[in-house]
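Notes follow the structure.
The values are calculated or read from the model by the stated rules, or taken from the named source; none is laboratory data. Everything quoted here is computed from the prediction, not taken from an experiment. No Cβ is skipped: glycine too gets one built from the backbone with ideal geometry, and neighbour counts run over all protein chains shown. Just the protein is used for accessible areas: all its heavy atoms, side chains included, with ligands, DNA and RNA removed. Shrake-Rupley method; radii C 1.70, N 1.55, O 1.52, S 1.80 Å.
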Amino acid sequence: YMKKSRDWVYTFTQEWPFPDETHQLSYTVPVVRLTDPSNASGVGDIALNYRYQAILKDNIALAPRLSVIVPAGDFRKGHGTGSVGIQANLPLSVELTDRLVTHWNIGATYTGHAKEPGGATANTTGFNYGASLIYLSTENFNLMLEAAGTTSEMVQPDGSRLRERTFFINPGVRFASNHSSGLQVVPGISIPIGVGPSSGKYGILFYLSLEHPFK
């Protein structure tokens, strides 16, 4: 949630190898609560994702992702765009040392005829970027420092578009618990802190990943 507004977002993602780890399909379902304009919670727009493991060797991993964003959220409450969107992301991971890993990502989103709560429409584009540095304090305990930003367009009641920017620094930690069945449980917590266009905003982020064994 953000300071003063107390907005929050919960997301659930599940991913499957199809048919192996080179090609993976996933979906992401968000649940959001926005104090403006509706002061109500509900399901947001759902993302259907395809990820291709283009490079996985030595100390480099590259896995481009293409997503179709389904308008499942109620645009009248600000929970979605009311239209289908397309998103592409290019994530890159580099292992610098045995204890230090860095992740990079850049992406773009296009939505045709996106709607604002009153029903006005416009074509919108958005961009996202981020980088992180992960320190493996132990094999199962990591310290994280991330930076992430977005540039997005919001449809206005007169059909015009308002461009908004965000930028957050996000320090955090995560821990892995390994089970004899092969299941790995990874909880984490971080504190997003707004800087630049997001100055004065902050939040708290909880993360839980369940990594099931494959083959």
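Which of the aspartates and glutamates could a cross-linker span from Lys57 if the Cα-Cα distance has to be under 16 Å and same-chain partners fewer than 8 positions apart are dropped?
Within the straight-line cut-off, Lys57 pairs with Glu21, Glu95, Asp98.
Using a 1.4 Å probe over the heavy atoms of the protein chains, calculate the carbon and sulfur portion of the accessible area of segment 1-121 as a whole percent.
Ligands and nucleic acids excluded, carbon and sulfur reach 60 percent.
Can you give the FRET efficiency to the nearest 0.05 for Leu96 and Leu25, using r as the Cβ-Cβ distance and R₀ = 35 Å?
E(calc), rounded to 0.05, equals 0.70.
Between Phe214 and Asn105, how high is the FRET efficiency from 1/(1 + (r/R0)^6) when r is the Cβ-Cβ distance and R₀ = 25 Å? Nearest 0.05.
With R0 = 25 Å, the Cβ-Cβ based efficiency is 0.60.
Please report the relative contact order for segment 1-146, taking Cα pairs under 8 Å with a sequence separation of at least 6, and give it as a percent rounded to a whole number.
Across segment 1-146, relative contact order equals 14 percent.
Whole Å is fine, so just give me how far the alpha carbon centre of segment 149-215 lies from that of segment 1-76.
11
On a 1.4 Å probe surface of the protein chains, which of Asp7, Asp58 comes out largest in accessible area, and what is the full order?
Largest accessible area first, the residues go Asp58, Asp7.
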